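Read-outs throughout are calculated quantities, based only on the coordinates presented, and are distinct from any laboratory measurement. The model shown is predicted, which means the values in this text are computed figures rather than measured ones. Every residue, glycine among them, receives a Cβ derived from its backbone with ideal geometry; neighbour counts consider all protein chains shown.
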Amino acid sequence: MRFVTEPTLDVYPAPANRATGTAVIVCPGGSYWGLAIAHEGAVVAQWLNRLGITAFVLKYRLPHDAIMVDKTVGPMQDGQRAIRLVRQRAKEWGIHPGKIGIMGFSAGGHLASTLSTHFKEKVYEPADTTDARPDFHC
């Protein structure tokens, strides 16, 4: 997948009989050129579901002159927003707001590690004070 101009978050709920209350946001890789949504997104989400973990696959914007002024923060904005959104809607999705992790592959791994270490960096103006810090990373 290329040319993501609007980020999305696909929800893969854990089966009710296995749900642990844990969630993981998955950031597919693709060299910041594309996103490997199938094998580094949906397949990983289904594997997490079998472990009782609700998964969220983040389709983040890729750095490109045509859609962003500062290409260094676009993916980070999308990642911080995803963490805040999952935390805000945790009850609705049957997850614990203190058990939200992040994982990624290749460029998505870079994004996940950046979100884990630079969570206090203000890369956009959030609507509220919901914490953007992941509780763990894989």
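Can you give me the orientation-averaged projected area of the convex hull built on the Cα atoms of the stretch 52-115, in nm²? Don't jump to the answer; show the numbers that get you there.
Values: hull surface 19.2 nm².
Average of the hull's projected areas for the stretch 52-115 equals 4.8 nm².
Mind ordering 131-138, 78-85, 26-33 by average Cβ neighbours within 10 Å, highest first? The partial results should precede the final answer.
Working: 131-138: 17.2, 78-85: 22.5, 26-33: 21.0.
My ranking of the peptides, most packed first, is 78-85, 26-33, 131-138.
Show me the ranking of peptides 18-24, 124-130, 104-110 by mean Cβ neighbours inside 10 Å, starting with the highest.
104-110, 18-24, 124-130
Expressed as cubic angstrom per residue, what is the convex hull volume of the alpha carbon set of the stretch 1-69?
Numbers: hull volume 5.0 nm³, N = 69.
Enclosed volume per residue, from the Cα hull, is 73 Å³.
Measure off 7 Å from each Cα along the Cα-to-Cβ vector at ALA38 and ASN17, then give the distance between these two points in nanometres to one decimal.
With each label placed 7 Å out from Cα toward Cβ, I get 3.0 nm.
With +1 assigned to the C-beta of every Lys and Arg and -1 to the C-beta of every Asp and Glu, and no other charges, what is the dipole magnitude of the stretch 8-137 about the Cα centre in debye, to the nearest 20? Provide the component values of the computation, followed by the final result.
Numbers: 14 positive and 11 negative charges, 68 e Å.
Roughly 320 debye, rounded to the nearest 20.
Please name whichever of TRP93, SER106, VAL57 sits farthest to the positive end of the charge dipole of the chain, dipole taken about the Cα centre and charges placed at Cβ: Lys and Arg +1, Asp and Glu -1.
TRP93
Strictly greater than 20 Å: what percent of every Cα pair in the stretch 8-137 meets that? Spell out each step's value before the answer.
Working: 3306 of 8385 pairs.
Summing the P(r) of the stretch 8-137 above 20 Å gives 39 percent of all pairs.
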